[in-house]
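Data block below; observations after.
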Amino acid sequence: MTFQTPPRTKTDTGDERRVGLELEFGGLSGDEALNAILNAVGGRSYQPAPHRYRILDSRIGNLTLELDTRLAQPKNDTDEPDIVSAARTIIGSLAKTVVPFEVVTEPLPFQAIPIFDRIVEGLRDAGAKGSSAHPAYAFGLHFNPEAPSTETSYLLSILRAHVLLNDTVRARSDGDLSRHLMGWARPYPDEFATGLLDAAYQPSFEKLVHDYVAFMPNRNYDLDMLPLFASIDEDLVSDLVKDPLLRPRPTFHFRLPVSQVDDPDWSIAEGWNSWMAVERLAENLNAIEHLSDSVLIPQTRENGRPPLPPERIGIGI
């Protein structure tokens, strides 16, 4: 499958855009997963904490492999009391049946993304399991593409494009039911999505952040904008969101609630190209307006009145 190229390959400052990837999977121990990754993309490794591994100088750069649970992981790689470390080891061992391991890249050039499929193939060959292998496997694939612009008008276009395409993207990904039931990678609330699509909604950056947080005060959504918002105005976001794990990062955080690592026909290109569709649509304001009308006008006819302005449906602060 072809990996599509972003419509904007550079940031507004002229730098080449980069992207980070995160893939969750089950069915393997940490050592088994580590060996599969080393065989696939090379590198050298060390283990700084229970259930956490670092892989340096692989063909796709530096990687982290870790059990994806906060209880099993220290906040960083520094030493901690033996009793705490022992407790994390026990918790991680008990959790491995239902909690995924996660492999995470550092920010990569877009041209390097296809190499990640070698990791997928290596994990598959080693016996890794994807979302459909067990009802409790709430696994996902995440992309963290660097935002090419932080202009509010562009961010608004991205949000609108995401809302317009999200039903199609989720249907294609065949999203994992358990992930939805646990509240991870949820779609935006209908009220917020409808307000976004109203052409009259032209907020300032501060108003956009306030409105976003009013409906979505946490990060459990399929397009998490809070790290990007925080990279633009950390004080504003920290005043609104009390999350000690939220870190400013100049990237979109796009979550696909499915990981089909055990399917021989699956490639991360499918998820990447879904995000590329969002970025392409964001560049076409006429298409956004037309598609938004196709969503809002039927609501007008059904209710016998025009769509409510953002302030009337609760988007205004």
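Tally up the carbon and sulfur contribution to the accessible surface of the range 197-289 as a whole percent, 1.4 Å probe, everything protein left in place.
Carbon plus sulfur share of accessible area: 47 percent.
Check cross-link reach from Lys10 to the aspartates and glutamates: straight Cα distance under 15 Å, and skip same-chain residues fewer than eight apart.
Lys10 reaches Glu146, Glu151, Glu279, Glu283.
Which order, highest average first, do 54-60, 191-197, 286-292, 209-215 follow once you tally other Cβ atoms within 10 Å for each residue and take the mean per peptide?
On the way: 54-60: 17.1, 191-197: 20.9, 286-292: 14.6, 209-215: 19.3.
Going from most to least packed, we get 191-197, 209-215, 54-60, 286-292.
Hey, which aspartates and glutamates would be in cross-link range of Lys242, C-alpha to C-alpha under 18 Å, not counting anything within fewer than 8 residues on its own chain?
Glu206, Asp211, Asp224, Asp233, Glu234
How much FRET efficiency would the formula 1/(1 + (r/R0)^6) give for Thr5 and Ser153, where r is the Cβ-Cβ distance and R0 is 30 Å, rounded to 0.05?
Details: r = 23 Å, r/R0 = 0.76.
After rounding to 0.05, the efficiency reads 0.85.
Taking the Cα centre of each part, how many Å lie between the range 110-125 and the range 132-170?
Answer, in whole Å: 21.
The values are calculated or read from the model by the stated rules, or taken from the named source; none is laboratory data. Since this is a predicted model, take the numbers as computed values, not measurements. Positions of Cβ are backbone-derived with ideal geometry, glycine not excepted, and every protein chain shown enters the neighbour counts. The protein model used for the area step is the full one, side chains on, heavy atoms only, and it has no ligands, DNA or RNA in it. Shrake-Rupley method; radii C 1.70, N 1.55, O 1.52, S 1.80 Å.
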